[in-house]
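The values are calculated or read from the model by the stated rules, or taken from the named source; none is laboratory data. Values in this document were obtained by computation on a predicted structure and should not be read as measured data. Note: ideal-geometry Cβ built from the backbone for every residue, glycine included; neighbour counts use all protein chains shown.
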Amino acid sequence: MRNLNQDTITQAVIARLSDTPDARLKEVLTCVVQHLHALARELRLTEAELQAGIEFLTAVGKKCSASRQEFVLLADVLGLSTLTVAMNHDKPAGCTEATTFGPFYVPDAQPMASGADLAGDAPGQPCRVRGRVCALDGGPVAAAQVEVWQSDADGRYDVQYEDLPGPRARGVFSTGADGRFQLRSVLASPYPVPEDGPVGQLMRASSGHPWRPAHMHFRISAPGFEILVTQVYRQGDPYLDSDPVYGVRQSLVAPWVPDEQGLYTLDFDFVLQRRAGSEP
Ligand code: BEZ
Ligand code: FE
């Protein structure tokens, strides 16, 4: 294989992949090569631009740490996360829609008693959240694990503070026999996606703003059901129609309604999809 040129290089690379033992890996790599080469041809990519792209991805990697996932952020702002969620969670009508995880999920959050306040000393106006987890037929899903995480009034997640002694504004609740759960917290605020890294630089160099509309994250799991990862967005937020990570779905926009004492309440029910083969 010698004297490869711009007309023969793509086929040569694909031919070398032809004996890849893992069929899916072979398919993915072949597709990646085809699309990368097509992109380079279409853009008439210069060597300086290739180098700049490599330096950008290197900076994205260097920005990653245990509490910061710059590659997730990159996938989010390019719409790749939302596209992948949309393709993989095409649920029957009536099921709660899924959205992206975002970079601030932390596994193994602390279990909390029904009605507990997950905010700790996080700043913000008090709120409560009441909901029911059910199946498509309306039946309750008992003992579902409802993981919740959110930003505080300053628009920051616990992992974005350097000096917190432990997790804050995140926790896990269990549904009762009637599928219900409730919790106390503080109102989440809109916040800019992290701008102090290479993805922020990219965003500033393009158009748009970094502000996500106020939302609460949920990950709900129960035996026999598909895991639901979603977010509920605060009705009236000014950024609902310009989310930089394309996560907002109309069915997930809901009001946190204030009472006379200034306590806000969100009532929101979640409908899970049964896992194939686990019909009752
Ligand atoms: C989030 O919702 O937590 C999030 C999503 C994408 C980028 C940054 C944050
Ligand atoms: Fe978020």
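Return yes or no: is Ala153 of a type outside the set (Lys, Arg), closer than 30 Å to Ser278 by Cα and assigned to a loop (DSSP other than H, G, I, E, B)?
Considered against the rule, which asks whether it is of a type outside the set (Lys, Arg), closer than 30 Å to Ser278 by Cα and assigned to a loop (DSSP other than H, G, I, E, B), Ala153 comes out as no.
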> When the range 90-103 is examined, which residues are found to be more than 16 Å from ligand 2 (Cβ to nearest atom), in contact (Cβ under 8 Å) with a residue 60 or more places away in the chain and over 14 Å from Tyr233 (Cβ atoms)?
Replying inline: Lys91, Pro92, Gly94, Cys95
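Looking at Arg275, Arg204, Arg212, Arg184, can you tell me which residue is basic (Lys, Arg), away from ligand 1 (no atom under 13 Å from the Cβ) and at pLDDT 95 or above?
Working: Arg275 fails: at pLDDT 95 or above; Arg204 fails: at pLDDT 95 or above; Arg212 fails: away from ligand 1 (no atom under 13 Å from the Cβ).
Result: Arg184 is the single residue among Arg275, Arg204, Arg212, Arg184 that is basic (Lys, Arg), away from ligand 1 (no atom under 13 Å from the Cβ) and at pLDDT 95 or above.
Among the residues of the range 33-49, which ones are surrounded by 12 or more Cβ atoms within 10 Å (Cβ to Cβ) and assigned to a helix (DSSP H, G or I)?
Filtering the range 33-49 down to residues surrounded by 12 or more Cβ atoms within 10 Å (Cβ to Cβ) leaves 33-34, 36-37, 40, 45, 49.
The answer is Val33, Gln34, Leu36, His37, Ala40, Glu49.
Out of Val199, Val193, Val186, Val172, report the one residue that is over 28 Å from Val271 (Cα atoms) and touching a strand residue (DSSP E or B) at 6+ places or on another chain (Cβ under 9 Å).
Details: Val199 fails: touching a strand residue (DSSP E or B) at 6+ places or on another chain (Cβ under 9 Å); Val186 fails: over 28 Å from Val271 (Cα atoms); Val172 fails: over 28 Å from Val271 (Cα atoms).
Being over 28 Å from Val271 (Cα atoms) and touching a strand residue (DSSP E or B) at 6+ places or on another chain (Cβ under 9 Å) holds for just one of Val199, Val193, Val186, Val172, which is Val193.
Go through Gly155, Gly138 for me and flag whichever is under 20 Å from the mean Cα position of the chain (by Cα) and at positive phi.
Working: Gly138 fails: under 20 Å from the mean Cα position of the chain (by Cα).
After applying the criteria, what remains is Gly155.
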>> Being part of a loop (DSSP other than H, G, I, E, B) and surrounded by 16 or more Cβ atoms within 10 Å (Cβ to Cβ) is the filter here; which residues of the range 165-175 pass it?
In response: Pro167, Arg168, Ala169, Thr175
> Does any residue in the range 206-221 that is under 17 Å from Leu183 (Cβ atoms) and small (Gly, Ala, Ser) come within less than 6 Å, Cβ to Cβ, of a residue that is in a strand (DSSP E or B) and away from ligand 1 (no atom under 11 Å from the Cβ) six or more places away or on a different chain, and which pairs are these?
Replying inline: Ala214/Arg234; Ser221/Gln145
> So which residues in the range 40-67 are closer than 21 Å to Glu162 by Cα and in contact with a helix residue (DSSP H, G or I) (Cβ under 8 Å, 6 or more places away or on another chain), if there are any at all?
Replying inline: Val60, Gly61, Lys63, Cys64, Ser67
>> For the condition surrounded by 14 or more Cβ atoms within 10 Å (Cβ to Cβ) and in contact with a Lys or Arg (Cβ under 7 Å, 6 or more places away or on another chain), what is the one hit in Pro198, Pro210?
In response: Pro198
>> Cβ-Cβ distance below 8 Å, separation of 6 or more or different chains: which pairs start in the range 114-129 with a residue that is more than 23 Å from Asp269 (Cβ to Cβ) and in the same structural domain as Ser174 (by TED's automatic domain parsing) and end on one that is of a type outside the set (Ser, Thr, Tyr) and in a strand (DSSP E or B)?
In response: Ala122/Val186; Pro123/Val186; Gly124/Val186; Gln125/Val186
>> Among (1) among the β-branched types (Val, Ile, Thr); (2) surrounded by fewer than 13 Cβ atoms within 10 Å (Cβ to Cβ); (3) within 14 Å of the chain's Cα centre (by Cα), there is one condition Thr82 misses while meeting the rest; what is its number?
In response: (2)
